[in-house]
Amino acid sequence: MRLEVRHLELVVAIADCGSLRKAAARLHLTQPAVTTQLKRIEDHLGGRLFLRATDGVKLTPTGQDFVQEARSMLTQLVTLERVTRRNTQCASAPTRLAGIPAYHFGLLVAALKDNVTSRTIKETGTLTALLTTGELDIAVLRRFPGTPLTLPPNVGHRLLTREPLFVGVPEHHPRAQEPEIGLEALASDKWVMPEPDDSGMNAHFARECAAKGFEQRIAHFSSEAHVALTLIRESGAVCPLYPVGSTPPGVARLPITGNPLVREVVLAWRTDAPVAEEIDDLCDQVATGYLKLVEESEVYARWWRDGGEQFALSP
């Protein structure tokens with residue numbers, strides 16, 4: 001006799017159910033068939049895996065070790081089947097991408113060309129879960145200081161850009177014409193902030209403002225950029241802005257002195273996905289496209305040339 005997958009499944013089912021009768025029902029077998037098969041397995045192994053009792057069965061120490069290893073092997077078999085099926089049947093299937101609605105996301109879609117399906121998702125936990133289960137091949141995530149990004153062992157990751165957060169102020173703000181602004185100069189201003197989420201952005205802001213000796217006066221919450229920009233222009237509030245992109249009339253986009261506010265844009269991918277072989281090339285294409293966007297943004301380009309490039313691209 002040789003142990004087979006069905007033998008492992010039978011022993012695990014008995015351990016899970018706690019009785020031969022329930023295990024038989026789960027496996028769609030008769031109880032005598034389960035009893036006979038278990039005896040053959042135990043005879044082959046030379047020891048008891050279960051102790052029989054009136055209310056069911058319990059694992060022996062030997063049985064506990066066996067079940068632990070059996071579960072691991074069954075999990076590996078499921079993974080092997082999934083990966084092989086993907087590689088053999090879906091060699092030309094589109095890469096499944098999701099990520100935060102950052103410019104890097106659009107650049108990655110372009111780099112993958114037509115062989116991609118994509119969707120934007122802001123929640124870090126959702127993106128991580130979808131990578132873990134294999135429902136995504138690759139994702140663009142964000143990481144803020146103080147909120148670590150926890151990824152499973154089968155997911156690789158690489159820093160794309162360390163982006164400073166600038167601030168948007170109304171064009172009539174007393175500091176609107178200056179090349180940069182200290183965070184403490186905004187202590188008395190009303191703020192527009194995005195709705196708190198699991199990225200840690202709002203907590204990062206609160207800590208940095210506290211370090212400068214003040215608490216943000218948050219008057220508005222909105223995760224919609226057009227709403228935030230309207231509130232800057234019409235109500236005189238200030239708001240964090242990412243550095244890439246055009247600045248609408250009535251709003252000034254200013255770097256913050258010392259770059260205390262920052263987000264890291266991270267590329268993460270399943271190491272067993274075909275796209276894993278393309279990561280170096282994809283990162284190069286995203287970096288090239290991002291540099292073009294930097295040059296198209298006057299304020300960001302000036303910050304980039306004045307020492308910002310090293311800050312943004314250092315590992």
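Listed values, structure above:
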item	result
Per-residue [θ]222 nm for the chain (sum of -39500 (n - 2.57) over DSSP H runs n ≥ 4, rounded to 500)	-13500 deg cm²/dmol
Cβ crowding within 10 Å averaged over residues, with 164-171, 209-216 ranked highest first	164-171, 209-216
THR257 versus ARG52: modelled label distance in nm, points set 7 Å from Cα along the beta carbon direction	8.3
Bins of 10 Å, starting at 0 and running to the largest distance - Cα pair percent for the chain	5, 21, 22, 16, 12, 10, 8, 4, 0
Full-extension gain in nm, ASP280 to GLN31, via 0.36 nm per residue minus C-alpha separation	84.1 nm
Theoretical gain in end-to-end length, LEU313 to LYS190 [0.36 nm per residue, Cα-Cα removed]	41.1 nm
Under-18-angstrom lysine pairs by C-alpha in the chain, whenever the two are 8 or more apart or on separate chains	4
Kirkwood Rh (inverse of mean 1/r, distinct Cα pairs), the range 169-217, angstrom	12.0
Over the range 5-88 - Rg/Rh using Cα atoms and the Kirkwood inverse-distance radius	1.04
Probe 1.4 Å, protein heavy atoms only - accessible area per residue of the range 64-195 in square angstrom	51
Distant-in-sequence amide H partners of PHE50 (H built 1.01 Å from N, under 5 Å)	THR60
Of all DSSP beta bridges in the chain, antiparallel share, percent nearest 5	65
Choice from ALA219, ALA24, ALA273 showing the highest fluctuation, given a GNM over the chain with Cα pairs closer than 10 Å	ALA24
ARG71 - accessible surface, heavy atoms, 1.4 Å probe, Å² rounded to 10	100
Heavy atoms of ASP284: accessible area, 1.4 Å probe, square angstrom to 10	100
Descending principal axes extents, the range 105-206, alpha-carbon based, whole Å	50, 30, 21
ARG40-THR75 FRET efficiency (beta carbon distance; Förster radius 35 Å; 0.05 resolution)	0.90
Accessible surface of the range 166-260 [probe 1.4 Å, protein heavy atoms]: carbon and sulfur percent	53
Calculated log₁₀ intensity ratio I(q)/I(0) where the Debye formula runs over C-alpha points of the range 38-140, q = 0.23 Å⁻¹	-1.18
Estimated vicinal HN-Hα couplings, Hz - the range 248-257 in sequence order (Karplus 6.51, -1.76, 1.60; Gly, Pro = x)	x, x, x, 10, 10, 9, 10, x, 9, 3
Using distinct alpha-carbon pairs, which all enter the 1/r mean, Kirkwood radius of the range 166-260 in Å	13.3
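The values are calculated or read from the model by the stated rules, or taken from the named source; none is laboratory data. Keep in mind the model is a prediction, meaning the values are calculated, not measured. So basically every Cβ, Gly included, is an ideal-geometry build from the backbone, and we count neighbours across all protein chains shown. Areas reflect the complete protein model, heavy atoms only, side chains present, ligands, DNA and RNA absent. Shrake-Rupley method; radii C 1.70, N 1.55, O 1.52, S 1.80 Å.
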